[in-house]
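The values are calculated or read from the model by the stated rules, or taken from the named source; none is laboratory data. Not measured: the values here are computed from a predicted model. Every residue, glycine among them, receives a Cβ derived from its backbone with ideal geometry; neighbour counts consider all protein chains shown. Surface accessibility is based on the protein's heavy atoms, side chains included, excluding ligands, DNA and RNA. Shrake-Rupley method; radii C 1.70, N 1.55, O 1.52, S 1.80 Å.
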Amino acid sequence: MGERTWASSLLSLIVVFACLSHVLGDVHSGEAGAKQHDHQMRKMQAFKASFVRRNLISSPSPSPSPSPSPSSFSPSPTSSSVTVTPSPRLYHVTSYGADPTGKLDSTQAILQAISDALEGPSDGFLMQGISNLGGAQINLEGGNYLISQPLQFPVVGRGNLMIHGGTLKASDNFPTDGYLLDLSTSSSNAPEYLFEFITLRDLLLDSNFRGGGIQVINSLRTSIDNCYITHFTTNGILAKGGHETYIRNSFLGQHITAGGDKGERDFSGTAINLMGNDNSVTDVVIFSAQIGIVVSGQANLLSGVHCYNKATGFGGTGIYLKLPGLTQTRIVDSYMDYTGIVAEDPVQLQISNTFFLGDAFIKLKSINGVVNGVNIVDNMFSGSNKGIDIVQLDQSNGPFKTIDQVVVDRNNVKGMNLKATIGNGVVQGNVTSWTLDLNPILLFPNLIKNVQYTFFHSGNSFVNHALRNVSNNLVLIESDVQVSASVHVVADQGK
C-alpha cells in the first residue's frame with residue numbers, strides 16, 4: 001500500500017513539472033515578456049487547482065460499517081452498552097441486540113428500541129399533548145423474539161408510530177396478568193389520552209398460555225391489522241377507554257385449531273374485549289376461546305366477523321353484549337358458526353345479514369327488563385331440526401317489562417324454529433268466533449300491540465264482526481251470527 005502511494009505521488013510531481021516546462025518555455029524578455037509571464041502563471045494556477053480537484057474526486061470513500069444481521073448478531077448483556085445509530089425514525093431491533101432466533105431473551109433490547117422511538121424526533125402534535133413522531137417504525141425484521149415481561153411503552157403522549165413484521169413469544173416466566181404489547185401506563189397522573197395513531201401490523205403474538213396479547217388503554221385511533229394472536233389465557237386484545245381502536249384482518253384463538261377440536265369444552269379466555277366506545281372489528285376470525293368478543297362500550301361496529309370459538313352447546317358464546325340499557329352496537333355481515341350472540345337489556349342494537357350455523361341463535365337477556373330499538377332482520381339460520389328457536393329470551397332475572405320498537409322479521413330459517421315480532425296466520429270455520437294462536441311464532445309472551453285482520457265469507461249477507469281479545473297472544477275475532485268464513489290476521493309486537 002505504501003509503495004503504491006509513493007509511486008502515485010512521484011507521478012503527480014512529474015506531471016506538474018512537465019506542465020511547468022510547457023507553460024514557461026516560451027517566456028520572452030521585455031515588457032511583452034512580463035505580460036506573457038503573468039498570463040502563463042495564471043494558467044498554471046488554474047491547472048494546479050483542477051488537478052487537485054480531480055485527485056480528491058478519484059479518492060475512494062470509507063466503506064460503511066455493516067449493521068448486525070440475524071445470523072451474526074451478538075446480544076449484549078445490557079442494552080445500555082449497545083451503541084446504536086438508527087436510520088431516521090426507523091429502528092431495527094436486532095441493532096439493539098434482540099435475538100431473532102428466539103433462543104435468548106430480547107425484552108430489554110426491544111424495550112430500548114421502543115424507548116428510542118418514543119423519544120425520537122417529532123413534528124408538532126396530534127391531539128393536544130400527543131407528539132407526532134412522524135411515522136416512526138420499529139421493525140422486528142421477521143424475527144422470533146422471546147419476551148419475559150410486558151413491552152409497556154415507557155412514556156405517554158406520543159403518536160404516529162408503527163411496530164411491525166415479526167413474532168413475539170412469552171417466556172415461561174412471563175407474568176400471567178401481563179400483555180405482550182402494552183399501551184398503558186402505571187402513572188397516577190396520566191393525561192386523558194395516552195397515545196394516538198399507534199399501528200400494530202403484521203405480527204404474530206404467542207402468549208404461551210400466560211396472560212394476553214395486546215392491551216390498549218385510553219388511546220385514540222389505534223390500528224391492529226393483520227395480526228395472529230394465540231395461546232392467551234385472559235384477553236387476546238383488550239381495548240379499554242379511549243376511542244376508535246380498529247381491529248382488522250386478524251386471527252385469534254387460544255388453541256390453534258380449525259374446528260372440531262377434542263379439547264373444545266375446555267377453551268377459556270376472551271379473544272377480543274372492547275371496554276370502550278366507537279371501536280370497530282372488521283374481517284376477523286376467532287377460532288378458539290370461551291367468548292369470541294365481549295362488548296361493554298357504546299357505538300361499536302362488528303362486521304365480517306367469523307366466530308367458531310366454542311360451541312354454544314359446550315358453554316361458549318360468540319359475541320356477548322354486556323352493557324344493559326345502552327348497547328348501541330351493530331353486528332352485520334358476520335358468521336356465527338355453532339356459537340351465538342347474547343345481549344343484556346339491549347337498547348339500539350342491529351343484527352343483520354348474518355349467517356347462524358349449527359343451531360346458533362340470538363339470546364336477549366333481561367337484567368332490568370328493558371328492550372328497546374332492536375332490529376334483528378335479514379339473517380339466515382341453519383340448524384339440525386332439534387326445535388331450537390332462532391331468537392330466545394332469558395328472563396331468569398325477571399321478565400321484560402319495557403318493550404318498544406323491536407323488530408324481528410324477514411329472517412329465513414332451515415331446521416330451527418322461526419321467532420318474530422310480527423306474526424300472521426289464517427283460521428277458518430262455520431262458527432261465530434275465530435281464534436288464532438300466534439305463540440309459536442311471536443317472540444314475547446302475552447304481547448300484541450297492533451292487529452290487522454281480513455274477514456271473508458262467501459254468503460250474500462253482511463255480517464257484523466269485531467276483534468274481541470289479544471290476551472296471551474291469542475287473537476279472537478267474533479261475529480254476530482254463525483257464518484262460514486276465513487279470517488286472515490297480522491299481529492305486531494313491536495309498534
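Annotations for the structure displayed:
- Residue in segment 149-156 that is in contact with a Pro (Cβ under 7 Å, 6 or more places away or on another chain), β-branched (Val, Ile, Thr), without any contact (Cβ under 8 Å) to a residue 40 or more places away in the chain and closer than 22 Å to residue 238 by Cβ present: yes
- Of the strands (runs of 3 or more DSSP E) lying entirely inside segment 330-390, those containing at least 1 residues that are within 18 Å of residue 400 (Cα to Cα) and open to solvent by 10 Å² or more (accessible area, probe 1.4 Å) are 341-344, 347-352, 362-365, 370-377.
- Any chance residue 199 is assigned to a strand (DSSP E or B), in contact with a Lys or Arg (Cβ under 6 Å, 6 or more places away or on another chain) and modelled with pLDDT of 95 or more: no
- Residue match in segment 280-296 (condition: part of a strand (DSSP E or B), among the aromatic types (Phe, Trp, Tyr), within 17 Å of residue 335 (Cα to Cα) and touching a strand residue (DSSP E or B) at 6+ places or on another chain (Cβ under 8 Å)): yes
- Within segment 265-276, tally of residues that are touching a residue at least 40 places away in the same chain (Cβ under 8 Å) and either open to solvent by 30 Å² or more (accessible area, probe 1.4 Å) or touching a helix residue (DSSP H, G or I) at 6+ places or on another chain (Cβ under 6 Å) (or both): 1
- Restricting segment 452-464 to residues that are surrounded by fewer than 15 Cβ atoms within 10 Å (Cβ to Cβ) and not β-branched (Val, Ile, Thr), the residue that is nearest to residue 490 (Cα to Cα): 452
- Selection from segment 140-159 of residues that are in a strand (DSSP E or B) and either of a type outside the set (S, T, N, Q) or open to solvent by less than 30 Å² (accessible area, probe 1.4 Å) (or both): 145, 146, 147, 151, 158, 159
- Set side by side, the residues 111, 133, 181 differ, and just one is under 23 Å from residue 231 (Cβ atoms), in a strand (DSSP E or B) and open to solvent by less than 60 Å² (accessible area, probe 1.4 Å), which is 181.
- Across segment 391-406, the qualifying residues are those that are open to solvent by less than 40 Å² (accessible area, probe 1.4 Å) and in contact (Cβ under 8 Å) with a residue 60 or more places away in the chain, and the one among them that is farthest from the chain's Cα centre (by Cα) is 403.
- Checklist (1) in contact (Cβ under 8 Å) with a residue 40 or more places away in the chain; (2) among the aromatic types (Phe, Trp, Tyr); (3) within 28 Å of residue 220 (Cα to Cα) applied to residue 314, failing item: (3)
- For residue 169, the criteria (1) open to solvent by 40 Å² or more (accessible area, probe 1.4 Å); (2) within 20 Å of the chain's Cα centre (by Cα); (3) closer than 17 Å to residue 221 by Cβ hold in every case but one, which is (3).
- Sole residue being open to solvent by less than 10 Å² (accessible area, probe 1.4 Å), closer than 23 Å to residue 105 by Cα and either over 16 Å from the mean Cα position of the chain (by Cα) or not charged (D, E, K, R) (or both), chosen from 209, 195, 174: 174
- Residues of segment 228-264 that turn out to be open to solvent by 30 Å² or more (accessible area, probe 1.4 Å) and either part of a loop (DSSP other than H, G, I, E, B) or in contact with a Leu (Cβ under 7 Å, 6 or more places away or on another chain) (or both), as a count: 13
For (1) farther than 17 Å from residue 147 by Cβ; (2) open to solvent by 30 Å² or more (accessible area, probe 1.4 Å); (3) at pLDDT 95 or above; (4) touching a Pro at 6+ places or on another chain (Cβ under 7 Å), each residue gets a yes or a no:
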residue	(1), (2), (3), (4)
87	yes, yes, no, no
93	no, no, yes, no
96	no, no, yes, no
100	no, no, yes, yes
106	no, no, yes, no
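- Of all the criteria given as (1) among the aliphatic types (A, V, I, L, M); (2) without any contact (Cβ under 8 Å) to a residue 24 or more places away in the chain; (3) open to solvent by less than 50 Å² (accessible area, probe 1.4 Å), the one not satisfied by residue 467 is (3).
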